[in-house]
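Input: a single structure, listed below in structure tokens.
The values are calculated or read from the model by the stated rules, or taken from the named source; none is laboratory data. Given the structure is predicted, the values throughout are model-derived calculations rather than measurements. Cβ placement follows ideal geometry from the backbone for every residue including glycine, while neighbour counts extend to all protein chains displayed.
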Amino acid sequence: MKHIIKFSKSFLPAVIISLVLIISGIVGYVVYGGFNLGVDFQAGLIQEIQFAPTALKLTYTGKGVAGISMDKNKLEIVISGSDVEKKTYSYPYASYQNLGSLADAMAGIEGLSVELVAGRDVATNTLVQSAQGNPRLGSVPYGIHYVTPEAEPVSIADVRKALTSLGSVSVQNLGQPKDRKFLIRIEDKGNEADFAKVTAERISTALTNAFGEGQVAISRTDYVGARFSKHLTEQAGLLLFLTMLLILVYVSFRFQFHYAAGAVLAILHDALIMVAFIVWTRMEFNTTTIAAILTILGYSINDTIVIFDRIRETLKLYPDSSFEDNMNRAITETLSRTFITTITTMFAVFSLFLFTTGTMKDFALALLVGMTSGTYSTIFIASAVVLFWEKRVKKNKVKAAVAANASLKKA
Amino acid sequence: MSKRYRFFIILATVAIAFAFLYPTLRWYFMVPKEDQTLALGSREQIKSYANRKAQVDIKELKELAKSGGDVPERLTFLIKIAKENYKLAKLPAPKKWDARAVLSAFAGEKEALDAIESKYREEILALKDLHSSAVQLGLDLSGGMSVVIQANLDSLKERLGRDLTDADKEDALNRALEVLNSRIDKFGLTEPVIRRQGNDQIYVEIPGAADPERINSIIMGKGRLAFHIVDDEATTAFRTYYSQHPSDTFDGEGKLINPSVIPADTVVRGLYNKDKYGLDTFVDYIVIKKEVGLDGNHIKNALVDRDQITGRPEVTFLLDTEGGDLFYKLTSANVGKSLAIVLDDKVKSYARIQEPIRDSVRLTGFGADEANNIALILRTAALPVDLEVVNQQAIGASLGEDTIRQGLNALLGGIAAVMIFMLLYYKGAGINAMIAQILNLFLMFSVLSAFNLTLTLPSIAGFILTIGMAVDANVIIFERIKEELRLGKSRKAAIDAGFDKAFWAIMDSNITTFIAALFLSQLGTGPIQGFAVSLAIGVISSVFTALFVSRLIFDFGTDVLKQKSVSISWRIK
């Protein structure tokens, strides 16, 4: 038989450490004055921009409808409509390596005129598409941008300076300095109609004034109105509460109430540890972060139930051992499963962390922290609560028995 | 349950899953890009494409008939219809099915045109159906734009001066939807998605490309309704001209190439009816006076009634005093002409003016559904709802490409890491877990396809996490089997005991996770929902693969391959 590890000895120190961590989270929350709220929770506009000069301008005056789509390897122009032959013109960058050859090839499409803005020798694999402007080509010139790897990095101070006229604007660097990508955030105070449209135009004008015409490509715009974010916060809180309630009911039904209390306290613990982590790292708090917390609830409860199931079984198998010994035995016997599951899940999450960027990376990081906490809380928090309860009940029973004896004697 | 029976259940599940996944595979890998582009267009755009294409074909066919030529390859489907027509008319079939013989099988040019047109239209509509039964890519993967619009019911309440009933709110939102739907233009690469969200919100999405101008043109303003006098002669003249010049009447932007075909004080507008799906369908072109006859804001209310004698539905609308005077002047001057109800740029209905009318107008001559529609449209003018944008997203197409690549890499990396670990740690049983996980992934994607869910980066993340967590069921079972083996049990006994003892641990833990996932999926429409849905699907399919599939593989080893030992660990032989 395996050696049984005395987990219950470390319950008290574990609870103290957890309390300290959770309290530090609350302190951090007060010190920083709340979360670093993402756009989901704070009404406003977010734009991801990249400093990329215009390479080409396209205009279409043909009879059909011309659309443009681009990805990392090719540029495609799709002409559709009845009288023109529907056709996709595909220009892989591998065959059209520089802008000159691409422009010459595209000029062959009937009705399409190409104006070369940058030099002919610009490599085509540096082309990017802006998320602004109409990708259906028409008489208004449509600009395609490019980013040269040699271009001077744009300093964040210059971007801030360019945008000072817009009031309080937050600017962040994205990726490497050579990518020249920035995240711009402006809060919507709710005193302006049509905020999203007006502000997007103002940003565009301010950047044009400071850096010249057609220098900036926009890769993403998000706008969240005040009503929307308020709704989301209320909904998230309510759902969190309901989830815990239902888990409490189900676990009480399958086990006993104090097991359910232990399980719910353990997942609440995980949520608070993650909150502490998010507060101290100043990670952005958005819907994705909430998703991470809720995921960990699911993950941690899974872990906890497996151990509870084992405790239930050992109690039946060894009715003569004390509850504490049975609990230690159950935790020890499921320990290899706990480790292996944690490792495999961590592999998966780590892969997510490694390959993604932006909010998904944050999500994966929060999950890694939450999973560690989830595994730990299963052993040290959920079980500690159950043990504490069992001991107290036993003590009460003994007391009651003593009291009953005493009253018998009196009579 | 017998093993054979279980095997068939698994086979059937895989077959059904494949059937669900097939439309997705076909749409993304087998349909050419041009056809995708066409199929993503609006129904109206498809119809006008089919029509114009058919016009060109019929012209060619007529010329061929004159010169005695054969039916071109792409129109050979007409021969079959022609044969049927001959049979129906009990005429002897001609010896040779050339262009002349085929054309003469149709009662007139219009019938032949309709036959060709519906062929083209059905081809594209079939593709459109295929697309809607395939997995959709979320905006974060495909790039594009979305807007959430909130109907401002407070301002409506103020205007009405009373509290809104549920019916009022319903009506208000339906009117707002009507206005937005009527603005879906026939241009652009993809058809916008417009749907209700909750009680007072509307979600508008244009996938594929971020196109702020186009989305603004859909959501801006309240919808302008007006009455215009129809120019009947010009309408007839224009329709004749259009049938002769089907392909070069309008340019790519929908403007007239030769503006002189209609009088200078008129414009061409499309007349639209609702089809049975509630979508605007193009009926014909109508030439109306540019000048507004009466602005819609004079309408006080509009109701659907039934004629007391004939029982046919009719729409009655009331005008305010000033509107009544204007309307009386307008109708007296134009008795015998037609009056068109125009919402934004579309003619919704038109009727002949029988006599001068003042403030209570009765419109007759249509079915119950159409009457309701027209009343709804008229009320949009009477009670406009203010719409405000509460959430807007625009994602560049290249960012979407990046995101797809990131998601795929993470998915492949995650699966590879998990599988290599399982193989190294559990040896032979690791292969068992691997098969279960691959099947798991396959089932998850097919459920996504079956329920028409949208694939987003968070849902890919959900899959990755599910793979990591789904292995848990395998691990619980394998660890149990190992314990039983350590007790000295035989292969069969250890496997049976392992599965039995693990059963409730797996069920209980997964049911609780499922509860959490289910609640998560109720949160908004954004990233959390996609993530939670894939997590919930993953929980169910991983229980299936772990308890059902993995068990069968073990049993197969015991019964068919006559294995005596279990390859499950490096220590236990």
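Take the residues in region A:63-73 that are buried (at least 17 other Cβ atoms within 10 Å of the Cβ) and more than 7 Å from every other protein chain (Cβ to nearest Cβ), then tell me which one is nearest to A:S101 (Cα to Cα).
First, the residues of region A:63-73 that are buried (at least 17 other Cβ atoms within 10 Å of the Cβ): A:63-71.
With more than 7 Å from every other protein chain (Cβ to nearest Cβ) added as a condition, the list becomes A:66, A:68.
Working: A:A66: 21, A:I68: 18 Å.
Among them, the one singled out is A:I68.
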Between a first residue in region A:285-299 that is in a helix (DSSP H, G or I) and a second residue that is among the aromatic types (F, W, Y), which pairs have beta carbons less than 6 Å apart while being 6 or more apart in sequence or on different chains?
-> A:T288/A:F363; A:A291/B:F531; A:A292/A:F363
Is it the case that region A:157-176 has a residue that's surrounded by fewer than 19 Cβ atoms within 10 Å (Cβ to Cβ), touching a strand residue (DSSP E or B) at 6+ places or on another chain (Cβ under 9 Å), modelled with pLDDT under 80 and at positive phi?
-> yes
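Does region A:274-287 contain any residue that is within 8 Å of another protein chain (Cβ to nearest Cβ), over 22 Å from A:R337 (Cα atoms) and modelled with pLDDT under 85?
Of the residues in region A:274-287, the ones within 8 Å of another protein chain (Cβ to nearest Cβ) are A:287.
Among the residues that remain, those that are also over 22 Å from A:R337 (Cα atoms) are: A:287.
Subset that is modelled with pLDDT under 85: A:287.
Yes.
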Between residues in region A:331-347 that are of a type in the set (G, A, S) and residues that are assigned to a helix (DSSP H, G or I), which pairs lie under 8 Å by C-beta distance while being six or more apart or on different chains?
-> A:S336/B:E479
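Do we have B:D472 as closer than 28 Å to B:Q406 by Cβ, within 12 Å of chain A (Cβ to nearest Cβ) and either over 32 Å from the mean Cα position of the chain (by Cα) or polar (S, T, N, Q) (or both) here?
Numbers: closer than 28 Å to B:Q406 by Cβ: yes; within 12 Å of chain A (Cβ to nearest Cβ): yes; either over 32 Å from the mean Cα position of the chain (by Cα) or polar (S, T, N, Q) (or both): yes.
It is true that B:D472 is closer than 28 Å to B:Q406 by Cβ, within 12 Å of chain A (Cβ to nearest Cβ) and either over 32 Å from the mean Cα position of the chain (by Cα) or polar (S, T, N, Q) (or both).
Restricted to region B:467-525, and to residues that are hydroxyl-bearing (S, T, Y) and within 30 Å of B:I202 (Cα to Cα), which residue is surrounded by the fewest Cβ atoms within 10 Å (Cβ to Cβ)? Steps first, answer last, please.
Just the residues of region B:467-525 that are hydroxyl-bearing (S, T, Y), to begin with: B:490, B:509, B:512-513, B:521, B:525.
With within 30 Å of B:I202 (Cα to Cα) added as a condition, the list becomes B:521, B:525.
On the way: B:S521: 18, B:T525: 16.
Filtering region B:467-525 for residues that are hydroxyl-bearing (S, T, Y) and within 30 Å of B:I202 (Cα to Cα), the one surrounded by the fewest Cβ atoms within 10 Å (Cβ to Cβ) comes out as B:T525.
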Of the residues that make up region A:83-104, is at least one within 14 Å of chain B (Cβ to nearest Cβ), free of Cβ contacts under 8 Å to residues at least 12 places away in the same chain and outside any helix (DSSP H, G or I)?
-> yes
Could you please let me know if A:A118 is buried (at least 16 other Cβ atoms within 10 Å of the Cβ), touching a Phe, Trp or Tyr at 6+ places or on another chain (Cβ under 7 Å), small (G, A, S) and not in a helix (DSSP H, G or I)?
-> yes
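Can you tell me which of B:V361, B:V342, B:V315 is under 27 Å from the mean Cα position of the chain (by Cα) and part of a strand (DSSP E or B)?
Details: B:V361 fails: under 27 Å from the mean Cα position of the chain (by Cα); B:V315 fails: under 27 Å from the mean Cα position of the chain (by Cα).
One residue alone meets the criteria, B:V342.
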Note on B:G41: of the conditions (1) within 14 Å of chain A (Cβ to nearest Cβ); (2) without any contact (Cβ under 8 Å) to a residue 60 or more places away in the chain, unmet is (2)
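Among the residues of region B:155-189, write down those that are in contact with a Gly (Cβ under 9 Å, 6 or more places away or on another chain), hydrophobic (A, V, I, L, M, F, W, C) and modelled with pLDDT under 75. Please lay out each step first, then the result.
Quick first cut of region B:155-189, residues in contact with a Gly (Cβ under 9 Å, 6 or more places away or on another chain) only: B:175-176, B:178-183, B:185-189.
Those still in the list that are hydrophobic (A, V, I, L, M, F, W, C) too: B:176, B:179-180, B:187, B:189.
Scanning region B:155-189 gives B:V179, B:F187, B:L189.
Which one of these is loosely packed, with under 15 Cβ neighbours inside 10 Å and more than 30 Å from the chain's Cα centre (by Cα): B:L11, B:L78, B:L25? Step through it out loud before you land on a result.
Values: B:L78 fails: loosely packed, with under 15 Cβ neighbours inside 10 Å; B:L25 fails: more than 30 Å from the chain's Cα centre (by Cα).
That would be B:L11, the only listed residue that is loosely packed, with under 15 Cβ neighbours inside 10 Å and more than 30 Å from the chain's Cα centre (by Cα).
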Hey, A:K2 hits all of (1) closer than 30 Å to A:T332 by Cβ; (2) more than 11 Å from chain B (Cβ to nearest Cβ); (3) modelled with pLDDT under 85 but one; which does it fall short on?
-> (2)
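Within region B:443-460, take every residue that is hydrophobic (A, V, I, L, M, F, W, C) and under 25 Å from B:S550 (Cβ atoms) and give me the one that is nearest to the other protein chains (Cβ to nearest Cβ).
Filtering region B:443-460 for residues hydrophobic (A, V, I, L, M, F, W, C) gives B:443-445, B:447-448, B:450-451, B:453, B:455, B:457, B:460.
Narrowing the set further to residues that are under 25 Å from B:S550 (Cβ atoms) leaves B:443-445, B:447-448, B:450, B:460.
Numbers: B:L443: 17, B:M444: 14, B:F445: 17, B:V447: 18, B:L448: 18, B:A450: 23, B:I460: 9 Å.
Per the stated criteria, the residue is B:I460.
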Region B:534-568, subset modelled with pLDDT of 80 or more and within 16 Å of B:I464 (Cβ to Cβ), residue nearest to the other protein chains (Cβ to nearest Cβ) | B:L535
Please state which of the following conditions A:R220 fails to meet, knowing it meets all the rest: (1) within 14 Å of another protein chain (Cβ to nearest Cβ); (2) in a helix (DSSP H, G or I); (3) farther than 24 Å from B:N510 by Cα.
-> (2)
Starting from region B:17-36, take each residue that is within 17 Å of B:Y120 (Cα to Cα) and within 14 Å of chain A (Cβ to nearest Cβ) and list its partners that are charged (D, E, K, R) and surrounded by 15 or more Cβ atoms within 10 Å (Cβ to Cβ), counting only C-beta distances under 6 angstrom and pairs at least six apart or across chains.
-> B:E34/A:K86
Is it the case that B:I438 is part of a helix (DSSP H, G or I) and either crowded, with 23+ Cβ neighbours inside 10 Å or within 11 Å of chain A (Cβ to nearest Cβ) (or both)?
-> no
Per the filter on region B:193-204, residues touching a helix residue (DSSP H, G or I) at 6+ places or on another chain (Cβ under 7 Å) and modelled with pLDDT under 80 are B:I194, B:R196, B:N199, B:D200
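From the set of residues in region A:188-210 that are basic (K, R) and in a helix (DSSP H, G or I), which is farthest from the other protein chains (Cβ to nearest Cβ)? Working first, answer last.
Step one: of region A:188-210, the residues basic (K, R) are A:189, A:197, A:202.
Narrowing further to those that are in a helix (DSSP H, G or I): A:197, A:202.
Details: A:K197: 7, A:R202: 14 Å.
Looking at residues that are basic (K, R) and in a helix (DSSP H, G or I), I get A:R202.
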Matching residues, region A:186-197, being modelled with pLDDT of 75 or more and exposed (fewer than 12 other Cβ atoms within 10 Å of the Cβ) = none
Is region B:102-116 home to any residue that is under 28 Å from the mean Cα position of the chain (by Cα), at pLDDT 80 or above, closer than 28 Å to B:V283 by Cα and of a type in the set (D, E)?
-> yes
For region B:93-151, which residues satisfy the criterion of being under 24 Å from B:I58 (Cα atoms), touching a helix residue (DSSP H, G or I) at 6+ places or on another chain (Cβ under 9 Å) and in a loop (DSSP other than H, G, I, E, B)?
-> B:A93, B:P94, B:K95, B:W97, B:A105, B:F106, B:A107
Scanning region A:255-268 for residues that are of a type outside the set (A, V, I, L, M, F, W, C) and touching a residue at least 40 places away in the same chain (Cβ under 8 Å), which turns out surrounded by the fewest Cβ atoms within 10 Å (Cβ to Cβ)?
-> A:H258
